[in-house]
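The values are calculated or read from the model by the stated rules, or taken from the named source; none is laboratory data. Predicted model only: the values in this text are computed from it and were never measured. Positions of Cβ are generated from backbone atoms using ideal geometry, with glycine treated the same way; all protein chains shown enter the neighbour counts. Keep in mind that these areas ignore ligands, DNA and RNA; they rest on the heavy atoms of the full protein, side chains included. Shrake-Rupley method; radii C 1.70, N 1.55, O 1.52, S 1.80 Å.
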Amino acid sequence: EKAKAEVSETKYRLLFENSPVGVVATDDKGQILLINKTLTELTGYSTLDFNSVDQWWSIAYPDIEYRNQLMEAWNKAVVESMMTKKAMPPQEVMVYCKDGRYRYFEITFVFAGQYNIITFVHVTDYKKAQEKLLEQEDRFNQLATHSRTITWEVNKDGLYTYVSDVIFDVLGYKVEEVVGKHHFYDLHPKEGREEFKKAAFAVFEDKKDFNDLVNQIVSKSGKLIWVSTNGISVFNSDGSLRGYRRSDTDITTRKLSEEALAVSEKDY
């Protein structure tokens with residue numbers, strides 16, 4: 001029996017040590033028995049840094065408010081896991097690593113015989129990509145707001161399916177007042193609207209992109225806004241036209257300046 005126990009212990013340790021995910025094994029009193037090499041490589045921590053789960057909490061989660069929130073949710077989930085003998089659903093946490101950086105992990109807990117097993121799945125790469133995407137989106141939104149550029153999407157019938165929030169700053173419309181309720185030509189001046197509509201649908205028919213199409217849009221207040229429109233065609237998987245993605249940049253100030261200059265030169 002003793003030999004069997006030793007063999008079982010060796011198998012457990014080899015399994016933990018060679019696991020592709022981070023593993024912490026503790027006893028029922030919260031003493032850390034093992035931190036595998038994967039977790040050590042990811043966090044820099046080993047059993048030399050911690051004796052207990054309490055030490056892990058204080059060092060790996062130094063922000064007190066975050067630690068308290070995490071511990072409350074964690075302890076509740078662990079108790080439920082131990083009562084049901086089922087693995088705890090994964091929780092996403094941010095770990096302060098030994099190199100001074102934060103890394104994201106999905107962690108879970110399971111009661112396994114004489115051990116309590118905590119696993120760590122590294123999700124930093126995903127988080128970095130997500131954060132970079134949000135950063136790029138924020139940068140784009142700032143530039144769009146500053147340049148007064150509205151981005152749109154319309155289906156093949158010209159009905160708005162998407163409008164950026166900048167529309168409120170430029171035209172005074174809320175997004176929900178436009179999407180699904182108006183066609184692109186509805187916002188153009190009544191005088192010349194039909195001609196504009198026919199010309200636009202001719203472009204749709206040819207499935208062509210267009211650049212710097214200078215035209216007017218009527219704001220919610222009735223003010224005429226000059227815009228420069230750029231659009232690209234969007235296709236379905238079968239090659240049929242799904243609609244257009246376009247942008248309208250407010251060039252009213254530039255247009256009025258050009259007109260004033262033209263009048264001035266004519267008078268001169």
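Could you rank Glu259, Glu205 by how accessible they are, 1.4 Å probe, largest area first? Write out the running numbers ahead of the final one.
On the way: Glu259 80, Glu205 145 Å².
Reading off the accessible areas and sorting them downward yields Glu205, Glu259.
Quick check on segment 12-100: take the gyration tensor over C-alpha atoms, sort the square-rooted eigenvalues as a ≥ b ≥ c, and tell me if it's rounded (a/c under 1.5), prolate or oblate.
Here segment 12-100 falls in the oblate category.
In a shell of Cβ-Cβ distance under 11 Å around Ser240, excluding Ser240 itself, what net charge do Lys and Arg (+1) and Asp and Glu (-1) give?
Working: positive: Lys156, Lys207, Arg242; negative: Asp238.
Around Ser240, the surrounding residues sum to +2.
At a 10 angstrom cut-off on C-beta neighbours, averaged per residue, how do the peptides 39-51, 183-195, 75-87, 152-164 rank from highest to lowest? If you can, show how the numbers build up before the last one.
Working: 39-51: 16.2, 183-195: 14.4, 75-87: 12.6, 152-164: 17.8.
Peptide ranking by packing, descending: 152-164, 39-51, 183-195, 75-87.
From the cross-link list Lys174/Lys198; Lys37/Lys76; Lys37/Lys98; Lys207/Lys255; Lys156/Lys255; Lys181/Lys255, which pairs have alpha carbons spaced over 25 Å apart? Working shown, then result.
On the way: Lys174/Lys198 27 Å; Lys37/Lys76 28 Å; Lys37/Lys98 14 Å; Lys207/Lys255 29 Å; Lys156/Lys255 30 Å; Lys181/Lys255 29 Å.
The answer is Lys174/Lys198; Lys37/Lys76; Lys207/Lys255; Lys156/Lys255; Lys181/Lys255.
What ³J(HN,Hα) values, in whole Hz, does the Karplus curve 6.51 cos²θ - 1.76 cosθ + 1.60 give for segment 150-156 when θ = phi - 60°, with x put for Gly and Pro?
Each residue of segment 150-156 in turn: 9, 9, 9, 9, 10, 7, 5 Hz.
Report the local net charge at Leu224: Lys and Arg +1, Asp and Glu -1, summed over other residues whose C-beta lies under 11 Å from its C-beta.
Values: positive: Lys223, Lys255; negative: Glu191.
The answer is +1.
How charged is the neighbourhood of Gln91? Take every other residue with its Cβ under 12 Å from the Cβ of Gln91, and add Lys/Arg as +1 and Asp/Glu as -1. Let's see the in-between values first.
Numbers: positive: Lys76; negative: Glu72, Glu92, Glu106.
Surrounding charge for Gln91 is -2.
Return the Rg/Rh ratio of segment 200-268 with Cα-based radii and a Kirkwood Rh.
Numbers: Rg = 16.5 Å, Rh = 14.2 Å.
For segment 200-268, the value is 1.16.
Skipping prolines and chain starts, which residues have an amide H placed within reach, meaning under 5 Å, of the one on Arg242, given they are 5 or more residues away or on another chain?
HN-HN under 5 Å from Arg242: Val234, Phe235, Asn236.
Compute the distance from the alpha-carbon center of segment 29-59 to that of segment 169-204, in whole Å.
With segment 29-59 and segment 169-204 each reduced to a Cα centre, they are spaced 62 Å.
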